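In what follows, a single structure is set out as structure tokens and then discussed.
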Amino acid sequence: MDAGELLQFSQRLRRLREAAGLTQEDLAERAGLSVKAIGALETGRRQRPYPHTVRALADALGLSEDARAELAGSAPKRERTPAVAAPARPLLPSAPTSLIGRERELVEVSGLLRGGTARMVTLTGPGGVGKTRLALEVAADLSDAFPGAVGFVPLALVGDAGLVLPMVAQAIGLEETGATSVREMLVARLGNQPSLLVFDNVEHVLAIAPEVADLLASCPGLMLLVTSRAPLRIRAEHEYPVRPLALPELSRVPTLEEVAPVSSVQLFVERARAAAPDFELTQANCAAVAAVCRRLDGLPLALELVAARVRVLSPTELLARLDRLLPLLVGGSRDLPERQQTMRAAIDWSHELLAPSQQALFRRLSVFAGGWTLEAAEAVTAWGEIAAEDVIELLSGLVEQSLVVAEASTQGTTRYRMLEMIRQFAAGRVEDAGETMALAERRLHWCLSLAQLAASELRGAGQQIWLNRLEAEHDNLRAALAWCEQDVARGAAGLQLAAALWRFWSTRGYLTEGRRWLESALSASDDAPPAVRAEGLNAAGNLARDQGDHIYSAELHEAALALRRALGDRRGVAMSLNNIGTALADQGEYHLAALRYDEALAIFRELALEWEIAIALHNLGIAHGIRGEYEQAVSLLEEALALWDSLGESNSRARSLDALGEVVRRRADLDRAEALHETSLALRRELGDTRGTAISLRNLGLIAHYRGDNALAVRLMEESLQLNEKLGNRRGVALTRGILASAVLQQGDTQRALELYGEALDMDREIGTNVGVADCLLGLAAIAAQAGDGERAARLLGASDVVREATDEAVAPVDRPGYERIVTIIEASLSPADFVTARAAGSALTQEDAIAEALSDD
């Protein structure tokens with residue numbers, strides 16, 4: 001072997017790594033290798049890298065086809081060690097396609113067998129996941145390490161476990177003579193020699209397990225690589241689950257650069273090009289390709305079958321036709337076994353191996369969307385031939401057969417799910433069994449019980465646990481709501497379910513979705529019991545308020561109040577009064593809001609309802625604080641905080657901390673305000689409270705602005721603005737834009753400030769937030785003053801004063817320096833008489849005219 005050839009590979013690898021800006025550690029992590037291995041390759045200490053190692057390095061370095069070929073060509077070829085005194089080794093089946101996205105699996109499985117960590121490795125996974133393809137690649141890479149024998153034993157068509165050993169003998173070139181048993185022949189042939197046998201598709205001959213265990217015990221040099229949808233359960237077995245290929249992230253519209261390197265996308269593109277050579281992944285189609293890969297769960301067989309359709313359908317057209325996946329997934333390569341030519345056949349192969357009770361559970365589990373827990377399966381699927389106590393054993397069997405995936409959740413529990421195509425196959429069996437209505441009804445009952453229990457728990461110390469639980473079950477809850485929406489007879493149940501979920505939707509930021517479900521349920525359930533309808537109106541009013549739809553929110557709460565008065569529901573009456581007060585406060589009617597809060601508080605105290613008392617105290621504190629009655633506001637909010645602490649209520653405690661922070665900020669105590677807002681923000685982030693997080697960020701940004709740190713203020717405000725826009729919270733968007741405008745104006749960006757003030761003004765006018773209108777007019781007055789247009793600035797100042805005086809919000813001490821600075825600038829540019837005249841002219845304008853004036857000369 002030429003030493004210069006070794007140096008060429010090591011030098012080439014090192015130069016490629018350095019050109020990519022990677023350390024040895026970076027390259028090792030990307031390629032799924034050890035740092036020690038990279039060092040050995042770059043110094044020439046490791047002389048002959050395996051082909052899969054070279055491929056993994058090329059992928060990690062992102063090499064072009066030419067560079068990949070040069071790197072592979074510079075690697076010294078591995079010398080094959082011939083078998084000694086053995087018959088000619090049968091060739092492994094050749095792989096007709098390249099292996100994509102399995103670099104890590106290839107290294108790990110090869111390592112288990114090469115290093116002697118395991119004598120038998122069983123690759124498990126659902127049909128179509130690529131177990132056989134991976135096993136062939138592993139066997140090919142390891143063939144030089146097993147001079148005794150390497151054999152491939154296809155068992156898909158073997159129905160009798162007694163035929164397996166004869167097939168093993170055939171695979172390694174032995175002929176039966178009748179003089180000795182097949183087992184004795186195998187032991188004599190394999191003995192202590194390092195040998196590797198690949199058993200493919202063992203799941204329907206699991207009875208072979210004792211013979212396999214005996215063969216391993218009798219042949220110390222034998223290693224087994226098995227593919228099966230279920231493990232054999234023998235002591236020597238090391239199970240290695242083969243997962244679907246990696247999926248692209250679709251939390252937002254992806255770019256071509258983000259999608260192209262993902263293994264499921266790479267497989268789709270390669271197979272699409274085989275069918276249509278001119279196919280290219282582009283920025284225009286990459287989002288559709290990514291969505292197709294996600295819908296197909298990254299299953300290689302499904303990807304191959306769908307990718308072949310690009311001959312006649314674009315990725316976008318394919319995506320639109322995936323609502324019924326299984327009928328589309330036909331027409332695979334004819335040189336594959338029949339069970340691998342369609343996804344339906346692949347799944348049916350597994351389904352037919354199940355016992356009747358397992359088949360019943362399998363089909364019933366398809367009613368779940370997004371996964372389920374054991375408790376949910378017991379509640380929904382156990383009737384008739386399935387007893388609740390049998391579900392765990394039957395479910396375990398489905399997991400073993402790779403028809404169900406079991407995953408540990410972040411809450412320390414196990415969740416189960418089906419890959420989407422398997423779920424659709426099972427759902428078809430539900431229709432055949434006539435169980436569709438019964439299953440949907442049982443799911444609805446379970447969802448309603450869960451949501452109503454969670455509604456009470458969300459007001460206590462366990463609220464984070466219950467928020468997370470509802471998040472995990474959100475897809476199931478959506479499915480139950482959708483079923484009620486389609487069935488008029490379930491309208492009242494749908495309204496009950498939606499009403500129980502409003503606090504979850506509010507906290508986790510599903511405002512638009514929650515409002516849609518509630519409004520649909522309200523319109524479909526006019527004949528629902530008054531108490532149920534009142535709860536639905538109350539829930540819809542709360543979510544409308546969260547999005548800044550204050551007038552509509554008040555209307556909904558007034559309707560709920562009327563129903564509750566008629567029912568004599570005093571707690572409900574008080575809660576509606578409280579919520580009406582909040583809608584009034586959001587419109588700047590703080591005096592009227594305080595009156596409603598006082599009414600509600602009196603009833604809550606009479607009924608001795610601590611949680612409700614704390615809510616009314618919190619709201620009263622805000623109203624008094626905005627009116628400048630700071631001492632009373634602080635007292636009320638501190639009393640509310642004491643109650644939240646005793647109740648262990650983190651979310652409401654975060655709200656009251658934030659409200660108290662706003663009061664002390666208005667008193668110009670910025671240090672204490674900042675500490676309160678930071679504590680609130682930490683709680684809200686921990687709870688996943690998107691809306692609350694946006695509020696805390698805005699308040700912290702305002703403090704930074706008052707301190708003159710406008711760079712920090714802009715960063716915090718922009719994060720808050722993004723969250724509010726995502727939530728559809730128009731009031732939050734308008735308020736944040738107004739404050740952001742002030743901060744960017746201080747940074748000297750007058751044009752952006754004008755745009756932000758204009759946008760905020762339009763939204764404040766639309767939703768009827770007078771305080772926001774007044775603040776925007778004041779900000780525009782500052783811009784006019786800086787531009788030297790003192791007369792216009794004075795008119796805007798007068799208009800701002802009039803709009804603010806229409807509310808009873810006090811100008812806080814911390815706000816006055818900015819206000820007074822603007823007044824001083826305007827006064828300096830006009831004579832005293834002109835200043836008074838222009839300001840009076842602004843004060844005489846109607847609000848609409850004032851807004852028109854503000855926007856006229858932008």
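Worth a mention:
- Pairwise Cα distances in the chain exceed 46 Å for 45 percent of all pairs.
- Principal axis analysis of the Cα atoms in the range 586-685 yields extents of 37, 30, 22 Å, listed in decreasing size.
- Among 374-385, 489-500, sorting by the average number of other beta carbon atoms lying within 10 angstrom of each residue, highest first, gives 489-500, 374-385.
- Net length gained if the chain between residue 828 and residue 64 were fully extended (0.36 nm per residue, minus Cα distance): 268.3 nm
- The spread of Cα positions in the range 732-838, taken along each principal axis and listed from longest to shortest, comes to 39, 32, 25 Å.
- For the range 118-179, the share of alpha carbon pairs falling in successive 5 Å distance bins from zero is 3, 14, 19, 25, 22, 11, 4, 1, 0 percent.
- Rounded to 5, the percent of DSSP beta bridges in the chain classed as antiparallel: 20
- Computed about the Cα centre, the dipole magnitude for the chain is approximately 2520 debye when only Lys and Arg (+1) and Asp and Glu (-1) carry charge, each at its Cβ.
- For the range 203-258, the equivalent ellipsoid built from the Cα gyration tensor has semi-axes of 40, 13, 8 Å, listed from largest to smallest.
- Both radii were evaluated on the Cα set of the range 470-531; the Rg over Rh quotient, with Rh as the Kirkwood radius, amounts to 0.95.
- The tail of the calculated P(r) for the range 467-613 beyond 23 Å holds 36 percent of all Cα-Cα pairs.
- Of all accessible heavy-atom area on the chain, the percent that carbon and sulfur account for (1.4 Å): 52
- Residue-normalised accessible area of the chain, given per residue in Å² at a 1.4 Å probe: 42
- Using a Förster distance of 35 Å, the FRET efficiency for residue 246-residue 353 (Cβ separation, nearest 0.05): 0.75
- A simple count of charges around residue 446, restricted to other residues whose Cβ falls under 12 Å of its Cβ and scoring Lys, Arg +1 and Asp, Glu -1, yields -2.
- The range 684-761, Rg to Rh (Cα coordinates; Rh as Kirkwood inverse mean 1/r): 0.98
- In loop segments of the range 605-682 as defined by DSSP, there are no chymotrypsin sites (Phe, Trp or Tyr not before Pro) with at most 13 further C-beta atoms inside 10 Å of their C-beta.
The values are calculated or read from the model by the stated rules, or taken from the named source; none is laboratory data. Note that the structure is a prediction, hence the values are computed from the model and not measured. Note: ideal-geometry Cβ built from the backbone for every residue, glycine included; neighbour counts use all protein chains shown. Ligands, DNA and RNA are excluded from the accessible area calculation, which covers all protein heavy atoms including side chains. Shrake-Rupley method; radii C 1.70, N 1.55, O 1.52, S 1.80 Å.
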